[in-house]
Amino acid sequence: MIARTGATVGYAKRLHRRHPGAVFASYLVRLRLRADVDDLMVGILVESDEYKEHVRSRVTGAAQPNANARILAGAETLVPPPLIQRTFRQLVEPIVDQREILQCQNQRLRAARNLLLPRLMNGEVQV
């Protein structure tokens, strides 16, 4: 999914295994890929700084930056042969999975810290 308007125009997020119930909104664009293109490979591409710069250099609107679907989907890239795409996926997917698991754990740890720290500072929780 890619933000098409506002301060985050061009920012993308791959919806991976841990986002099964995602809801789309009018300010987001979802890419539908050809069957011969690996979605993980494209997901990593659209999350890159280079892709964000591609979009930012083509947006319209001064007060409210805006990019249409043609701009968001217009980044040209080479598509490697299927064997290279499969090899890439086999090497990178476990790393992406681990990163996402760690991000979820960090989010839960931050929530626990934010809940416990005030209690600790007030003496409600003994160490």
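The values are calculated or read from the model by the stated rules, or taken from the named source; none is laboratory data. Being a predicted model, the structure only gives us computed values, none of them experimental. Reconstructed Cβ throughout: ideal geometry from the backbone, glycine too, with neighbour counts over all protein chains shown.
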Residues being farther than 21 Å from Ile44 by Cβ, among the hydrophobic types (A, V, I, L, M, F, W, C) and part of a helix (DSSP H, G or I): count how many of those fall in region 86-127. 8
Lone unmet requirement of (1) without any contact (Cβ under 8 Å) to a residue 40 or more places away in the chain; (2) surrounded by 14 or more Cβ atoms within 10 Å (Cβ to Cβ) for Ala67: (1)
Taking region 80-109 and keeping only residues that are over 20 Å from the mean Cα position of the chain (by Cα) and surrounded by 10 or more Cβ atoms within 10 Å (Cβ to Cβ), one is left with Pro80, Pro82, Ile84, Arg86, Thr87, Leu109
For the condition β-branched (Val, Ile, Thr), at pLDDT below 80 and more than 17 Å from Met1 (Cβ to Cβ), what is the one hit in Val92, Val23, Val127? Val127
What number goes with the only condition from (1) surrounded by fewer than 13 Cβ atoms within 10 Å (Cβ to Cβ); (2) in contact (Cβ under 8 Å) with a residue 60 or more places away in the chain; (3) not in a helix (DSSP H, G or I) that Ala7 does not pass? (2)
Between residues in region 26-49 that are under 12 Å from Ala73 (Cβ atoms) and assigned to a helix (DSSP H, G or I) and residues that are of a type in the set (Phe, Trp, Tyr) and at pLDDT below 90, which pairs lie under 7 Å by C-beta distance while being six or more apart or on different chains? Leu45/Tyr51
Index of the failed condition, Arg86 passing every other in (1) touching a residue at least 12 places away in the same chain (Cβ under 8 Å); (2) in contact with a helix residue (DSSP H, G or I) (Cβ under 9 Å, 6 or more places away or on another chain): (2)
